[in-house]
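Everything below concerns the one structure shown next.
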Amino acid sequence: IGMNEKEAFKAILEADLLLGAVSYVKDDAERGTVIKQSLEKDLEVVANTRIGLTVSGGPDFDPNNPDGTTAPEEDTTAPEDTTDADSEDTEDVDPDDTTSADDTTSADGSSTEEPGTGEAEDSTAAPGPASDN
């Protein structure tokens, strides 16, 4: 108690103890000064015992803003609605288009259908007799 927090952290580690919870509170003590610890001073403890500390945030400490920075003001205006009331999020569809969504066109322009979805003729096949395989 009375040390600055960095000195206290170092002393805890050098004593083979572990740093427990550290809380910061508004206090008249200088910012960063340890004002309370979880165990009594000079109490004998086993190695690796956790020691919690309460540290002064200073007289102007704000628990809602512990680092003392000023956050930029938030824009509280509602975003502007840019959608046209008459428009819909739909894709234009050609009513004369009879291709299925499963149909694809290869680089050579031939039309094929995805496997297992139906039949489609290969427009690039050479004419000839059908095989009896």
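The values are calculated or read from the model by the stated rules, or taken from the named source; none is laboratory data. If you're wondering where the values come from, they're calculated on a predicted model, not measured in any experiment. Backbone-built Cβ (ideal geometry, glycine too); neighbour counts: all protein chains shown. Remember, those area values only see protein heavy atoms, side chains included, never the ligands or the DNA or RNA. Shrake-Rupley method; radii C 1.70, N 1.55, O 1.52, S 1.80 Å.
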Point to revise | Total residues in region 43-64, condition closer than 14 Å to A8 by Cα and either assigned to a loop (DSSP other than H, G, I, E, B) or of a type in the set (D, E, K, R) (or both) | key: 1
Practice item. Would you mention how many residues in region 39-48 are open to solvent by less than 100 Å² (accessible area, probe 1.4 Å) and free of Cβ contacts under 8 Å to residues at least 12 places away in the same chain? Key: 1
Review point. Considering region 28-38 alone, what residues qualify as being in a loop (DSSP other than H, G, I, E, B) and either open to solvent by 50 Å² or more (accessible area, probe 1.4 Å) or of a type in the set (F, W, Y) (or both)?
Key: D28, E30, R31, S38
Review point. Taking region 1-27, which residues are open to solvent by 60 Å² or more (accessible area, probe 1.4 Å), closer than 9 Å to S56 by Cβ and part of a strand (DSSP E or B)?
Key: Y24
